[in-house]
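Undergrad: Submitted below is the structure of interest, expressed as structure tokens.
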Amino acid sequence: MASLIEITPCDGLLPKIAGGMVLSELPFAHIASVAPLKGKTRALGAALKAMGLGWPGPGLSRRSGDAVILWSGMDQAFLIGPDPAPLQGLAALTDQSDGWARMRLKGPGAEAALARLVPLDLRAQVFAEGQVARSGLNHMMLHICRSGPDAFDLMVFRSMAGSAVHELHEAMEAVAARTMIG
């Protein structure tokens, strides 16, 4: 019988450390794209509340333990963690688990490193904990969520994991070098 080997999108690429910042891969979790079916928005919201979450407003996320739901567009969200089976019949569900690389950039300087790559104002007073956005990471599509005072959860297409890690690590090293000089 064949033995399957679990390979994650960032296998062998992470962690990366520079200047007190750490870029690490988030643990594998089920990711489902969720879009309410016509006339089912309230019922979907109730089902998500039963899961401890609720529907996220534009640019927001909701978290309960290891479960999180991230706004991803008009009437769209990503449910990360829990089995989406309770949402059957209330939403169009698409398994996205293998399509994304999920990383966390954490530490002093994380905002400055991302500022080199992401065309958004990610300062805490503008992009608060729990806020999400779809943007670009240089040439790559990015889904970003502030997960802590100095932490960001990042999602890029799995096929872009190597490029994303490279770009982020370069930015981390550049910020670390500036900190050492200044």
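Undergrad: Roughly how many nanometres apart are two label points built 7 Å out from the Cα toward the Cβ at Asp66 and Arg134?
TA: Between Asp66 and Arg134, the simple spin-label model gives 2.8 nm.
Undergrad: Right, something else. What number does the range 141-182 give for Rg over Rh if you use C-alpha atoms and the Kirkwood radius?
TA: Values: Rg = 12.4 Å, Rh = 11.7 Å.
Dividing the radius of gyration by the Kirkwood radius yields 1.06.
Undergrad: Taking amide hydrogens as modeled 1.01 Å from N in the peptide plane, which residues meet the under 5 Å criterion relative to Gln131, leaving out close sequence neighbours?
TA: The list, which skips near neighbours in sequence, is Arg146.
Undergrad: Quantify, in whole percent, the carbon and sulfur part of the accessible surface of the range 89-155 (1.4 Å probe; protein heavy atoms only).
TA: Carbon and sulfur together cover 51 percent of it.
Undergrad: Which values of log₁₀ I(q)/I(0), to two decimal places, follow from the Debye formula for the range 31-95 at q = 0.19, 0.22, 0.26 Å⁻¹ with a uniform point scatterer at every Cα?
TA: -0.58, -0.81, -1.20
Undergrad: Per residue, how much accessible surface does the range 31-95 expose to a 1.4 Å probe? Answer in Å², no decimals.
TA: Roughly 51 Å² per residue, with all protein chains present.
Undergrad: Specify the angular offset, from 0 to 90 degrees and rounded to the nearest 10, of the alpha carbon long axis of helix 41-50 from the longest principal axis of the alpha carbons in the chain.
TA: The angle comes out at about 70 degrees.
Undergrad: Next up: Of all the accessible heavy-atom surface of the range 1-60, with the other protein chains kept in place and a 1.4 Å probe, what percent is carbon and sulfur?
TA: 61
Undergrad: If you build the Cα gyration tensor of the chain and take the root of 5 times each eigenvalue, what three semi-axes come out, in whole angstrom, biggest first?
TA: Working: eigenvalues 183, 80, 33 Å².
For the chain, the semi-axes come out at 30, 20, 13 Å.
Undergrad: May I pose another question? Taking the range 89-182, which trypsin sites (Lys or Arg not before Pro) meet the DSSP loop condition and have no more than 12 other C-beta atoms within 10 Å? Numbers along the way, then the final one.
TA: Numbers: sites: Arg102, Arg104, Lys106, Arg116, Arg123, Arg134, Arg146, Arg158, Arg178; in loops: Arg116, Arg123.
Qualifying residues, ordered by number: Arg123.
Undergrad: Moving to a separate point now. Nearest 0.05, what FRET efficiency do Asp83 and Phe28 give at R0 = 22 Å with Cβ-Cβ as r? Can you show the working numbers first?
TA: Working: r = 14 Å, r/R0 = 0.63.
According to the calculation, E is roughly 0.95.
Undergrad: Okay, next question. Eigenvalues of the Cα gyration tensor times 5, then square-rooted: what semi-axes does that give for the range 59-130, in whole angstrom, largest first?
TA: Values: eigenvalues 153, 35, 31 Å².
Those come to 28, 13, 12 Å.
Undergrad: Kindly write out, for the range 63-69 in residue order, the coupling ³J(HN,Hα) from the Karplus curve 6.51 cos²θ - 1.76 cosθ + 1.60 (θ = phi - 60°), rounded to whole Hz, with x marking Gly and Pro.
TA: These are the phi-based 3J(HN,Hα) values: 10, 8, x, 8, 8, 8, 10 Hz.
The values are calculated or read from the model by the stated rules, or taken from the named source; none is laboratory data. Keep in mind the model is a prediction, meaning the values are calculated, not measured. Note that we place each Cβ from the backbone using ideal geometry, even for glycine, and neighbour counts take in every protein chain shown. Quick note on the areas: whole protein, heavy atoms, side chains included, nothing else; ligands and nucleic acids left out. Shrake-Rupley method; radii C 1.70, N 1.55, O 1.52, S 1.80 Å.
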